[in-house]
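The values are calculated or read from the model by the stated rules, or taken from the named source; none is laboratory data. In this text, all values refer to a predicted model and were calculated from it rather than measured experimentally. Neighbour counts run over all protein chains shown; Cβ positions are idealised from the backbone, glycine included.
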Amino acid sequence: MDDSGMTFHMETGSAMEESPYRIPSLKLGVWLFILSDAVTFGAVLYAYAYLRVGTADWTRPFATSSIINAIIMTVILLVSSVAVLAALEAAREQHRSKCTLWLGITVLLGTIFAVLHLSEWIRMIHEGWRLFQNPTGGPVTVGMTFFCVTGLHLIHIVGGLIALLVVALRYQRGRLQVNHVETVGLYWHFVDIVWMFIFPMIYLMNAK
């Protein structure tokens, strides 16, 4: 690199200016996506909190069994984040099989989370909850906000599972590098953090 901050590329013989952010483009792209998605979730949760506080006769639909189920889901997500960290550490040590194993464990835990989440949806639908229907006769916004907020998060979970599976398979075959494991891990941690807000706001504040 010369005094002007230019890097000379040995293969092409051309000069390339270094990124002023010192961040690889892949990681920067993921961070920008996470920031924009955080704004989306922030707006959705703010709208939910506004409706929740502003509605005097808000229905509390979650019995003890639902709270226990949500606690189990929370623990599963926390453990899956630890598994992603283990996968990244294995990738940095060039242990491809070990990294793939930890990514596979993360996918398994995320799948269990999704199944438990869908079981909660099925229970509520069976009880008569809909987007615009409250079986107790209370405000319909209770079911609407529950399905919208948790549904948005569940879509992100499914997207993350697909990304984790693709990265695991391609990394095992040597087609991806450590930075790909790191970036998909960043996304998964973000999804987990969002749930840490959803869990108390949606479930604990609405326990019977």
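Points worth noting:
- Check on V53, part of a helix (DSSP H, G or I), modelled with pLDDT under 95 and more than 18 Å from L169 (Cβ to Cβ): yes
- Residues that are modelled with pLDDT of 95 or more, under 14 Å from C99 (Cβ atoms) and either small (G, A, S) or loosely packed, with under 15 Cβ neighbours inside 10 Å (or both) within the stretch 171-208 comprise just one, G185.
- Looking across the stretch 154-186 at every residue that is touching a Gly at 6+ places or on another chain (Cβ under 9 Å) and not aliphatic (A, V, I, L, M), the one that is farthest from L88 (Cα to Cα) is identified as G160.
- Looking only at residues in the stretch 89-141 that are buried (at least 17 other Cβ atoms within 10 Å of the Cβ) and of a type in the set (S, T, Y), the one that is farthest from F199 (Cα to Cα) is T100.
Each row is one residue, and each column tells you yes or no for (1) over 17 Å from H117 (Cα atoms); (2) among the hydroxyl-bearing types (S, T, Y).
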residue	(1), (2)
G159	no, no
L164	yes, no
G174	yes, no
V181	yes, no
V184	yes, no
Y187	yes, yes
F197	no, no
M201	no, no
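Yes or no, residue by residue, for (1) more than 29 Å from D57 (Cβ to Cβ); (2) touching a strand residue (DSSP E or B) at 6+ places or on another chain (Cβ under 9 Å):
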| site | (1), (2) |
| --- | --- |
| V107 | yes, no |
| G128 | no, no |
| L131 | no, no |
| H153 | no, no |
| I157 | yes, no |
| T183 | yes, no |
| K208 | no, yes |
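- Annotation note: Cβ proximity below 9 Å between a residue of the stretch 179-205 that is touching a residue at least 40 places away in the same chain (Cβ under 8 Å) and a residue that is among the basic types (K, R) and not in a helix (DSSP H, G or I) (sequence gap 6+ or interchain) occurs for M205/R60.
- Residues in the stretch 37-70 that are touching a residue at least 24 places away in the same chain (Cβ under 8 Å) and under 14 Å from M205 (Cα atoms): 17 in all.
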